[in-house]
């Protein structure tokens, strides 16, 4: 599906990155679901339910809230993209703030933060293949082979390949998640209710905050929900996916129906919680779902579930590679090193960067042992720092490029310091959220002290909160 999606389309930079801006509701839904419901859903969520317990419920908090955020910010972002031909997140900062330096810095942040997200997919895929093959295939060759395939179909088909591959992935994931989520507790406990009753008797502390941890309490829960809700659509691949839509109305409808897909998440929690009692001595919590499936069902069914899990990794990694490669080629290399590059040359360099980013992420995945959820939280702490520049840029004339840059550097510095010194959470709060608060403060203060430049869509900013009359497309920029 990934390879044949390019047929009947000339793969220039516009088609390769944003699909000609012609995706309807179904393809946008599949594309965005393919990005959001990844190996993190399949392994990380069940793994945290197994190893940490109550704190995993932060995922159920942020999932609906991030769609509320997207309902209000993606349609105006799409409108800016349509008016100015934007293809990447950094393009938005370039047009809004008239600063190539800021746009290049945003591109750099995006590429760096994508590495741990890619690592989540690669590590997860290696675990899936190793367990599903009963140890017959080592995770390292599995990761290399799978991501060679991913790099190849992204190279050939771009975002269309990702969207069409998502069709197969979503069907398998939904079927596997629904069946396993209901079948596993029934096999061992007679149903979901008796499973929770048994767990409450055996390990009552596991079901409440802070679960099996010491410091992931209610303060961490609230700040993590807010950070991930604000930061989700700041990922370069999610941001750029909005440009593929046919209209702003498609994005608003997508925000309304996307939470329906979230039914898979609590089912993954349930499987992880079952494993707490069924597999009490599991060394790696991320293996809980596949191990209990292997223990409970025939090998052919494990293969089906493993195939669904592998596809969640490959589809998500594909769009991440696409976004990262395009950011590097268009917003880092061209403006700084080769301003005279044509779009055709940018597309060629982006395709080469797909292969380089794949190799880099593979290296880190092979030589790292951090849990999948922890990796994702590190990435979120970084990309969430782009939120002030986007939301203030959309809804305020007063914010300046200097303010956004200082705020971004402040937020990233605080987040990195707290995480690298082992102070996340800090006094019970998510380090990334603390950094985001300082980011907003620095952006506001510096913007008030610096002169306002005329932005590319400055005159239209006051109308951003009002829908276009009669057209129903959503906010106008």
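The values are calculated or read from the model by the stated rules, or taken from the named source; none is laboratory data. Note that the coordinates shown come from a computational prediction; the quantities given were computed from them, not determined experimentally. As a convention, Cβ positions derive from the backbone with ideal geometry for all residues, glycine included, and neighbour counts pool all protein chains shown.
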Task: Residues of the stretch 138-165 that turn out to be crowded, with 24+ Cβ neighbours inside 10 Å and within 15 Å of residue 361 (Cβ to Cβ), as a count - done: 4
Task: Of all residues making up the stretch 269-287, the number that are at pLDDT 90 or above and outside any loop (DSSP other than H, G, I, E, B) - done: 10
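If only one of 211, 248, 151 is at pLDDT below 95 and closer than 21 Å to residue 276 by Cβ, which one is it? Let's see the steps before the verdict.
Working: 248 fails: closer than 21 Å to residue 276 by Cβ; 151 fails: closer than 21 Å to residue 276 by Cβ.
Within the list 211, 248, 151, the selection yields 211.
If the requirement is being free of Cβ contacts under 8 Å to residues at least 60 places away in the same chain and crowded, with 23+ Cβ neighbours inside 10 Å, which of these qualifies: 329, 323, 318? Please lay out each step first, then the result.
On the way: 323 fails: free of Cβ contacts under 8 Å to residues at least 60 places away in the same chain; 318 fails: free of Cβ contacts under 8 Å to residues at least 60 places away in the same chain.
So the residue among 329, 323, 318 that is free of Cβ contacts under 8 Å to residues at least 60 places away in the same chain and crowded, with 23+ Cβ neighbours inside 10 Å is 329.
What number of residues within the stretch 154-209 satisfy the criterion of being closer than 27 Å to residue 55 by Cβ, in contact (Cβ under 8 Å) with a residue 24 or more places away in the chain and either part of a loop (DSSP other than H, G, I, E, B) or in contact with a strand residue (DSSP E or B) (Cβ under 9 Å, 6 or more places away or on another chain) (or both)?
As a first pass, look at the stretch 154-209 and keep what is closer than 27 Å to residue 55 by Cβ: 173-174, 176-189, 191-209.
Still in the running and in contact (Cβ under 8 Å) with a residue 24 or more places away in the chain: 173-174, 176-178, 180-185, 187-189, 192, 195-196, 198-199, 202-203, 205-209.
Still in the running and either part of a loop (DSSP other than H, G, I, E, B) or in contact with a strand residue (DSSP E or B) (Cβ under 9 Å, 6 or more places away or on another chain) (or both): 203, 208-209.
Total satisfying the criteria: 3.
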- [ ] Using the structure shown, decide if residue 247 is under 30 Å from residue 345 (Cα atoms) and surrounded by fewer than 24 Cβ atoms within 10 Å (Cβ to Cβ).
- [x] yes
Open item on the list: Among the residues of the stretch 338-349, are any part of a helix (DSSP H, G or I), buried (at least 24 other Cβ atoms within 10 Å of the Cβ) and out of contact with any strand residue (DSSP E or B) (no Cβ under 7 Å at 6 or more places or on another chain)?
Closed with: no
TODO: Could you tell me whether residue 124 is crowded, with 21+ Cβ neighbours inside 10 Å and farther than 30 Å from residue 402 by Cα?
DONE: yes
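Does residue 227 satisfy being closer than 16 Å to residue 386 by Cβ and modelled with pLDDT of 90 or more?
yes
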TODO: Filter the stretch 425-456 down to residues that are out of contact with any helix residue (DSSP H, G or I) (no Cβ under 6 Å at 6 or more places or on another chain) and in a loop (DSSP other than H, G, I, E, B) and give me whichever is modelled with the lowest pLDDT.
DONE: 454
Task: Failed condition for residue 212, given (1) farther than 22 Å from residue 60 by Cβ; (2) over 25 Å from the mean Cα position of the chain (by Cα) - done: (1)
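What do you reckon, is residue 383 touching a residue at least 40 places away in the same chain (Cβ under 8 Å) and either farther than 21 Å from residue 321 by Cα or not in a helix (DSSP H, G or I) (or both)? Give the derivation first.
Working: touching a residue at least 40 places away in the same chain (Cβ under 8 Å): yes; either farther than 21 Å from residue 321 by Cα or not in a helix (DSSP H, G or I) (or both): no.
So residue 383 does not fit the description; no.
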TODO: Within the stretch 409-422, identify whether any single residue is free of Cβ contacts under 8 Å to residues at least 12 places away in the same chain and in a loop (DSSP other than H, G, I, E, B), and answer yes or no.
DONE: yes
Open item on the list: Suppose the filter is crowded, with 21+ Cβ neighbours inside 10 Å, farther than 26 Å from residue 84 by Cβ and touching a residue at least 12 places away in the same chain (Cβ under 8 Å); does residue 273 pass it?
Closed with: yes
Open item on the list: Looking at the structure I just gave you, is residue 222 within 30 Å of residue 28 (Cα to Cα), assigned to a helix (DSSP H, G or I) and either in contact with a helix residue (DSSP H, G or I) (Cβ under 6 Å, 6 or more places away or on another chain) or modelled with pLDDT under 90 (or both)?
Closed with: no
TODO: Look at the stretch 35-93 and say how many of its residues are at pLDDT below 90, closer than 23 Å to residue 331 by Cβ, under 19 Å from the mean Cα position of the chain (by Cα) and not in a loop (DSSP other than H, G, I, E, B).
DONE: 1
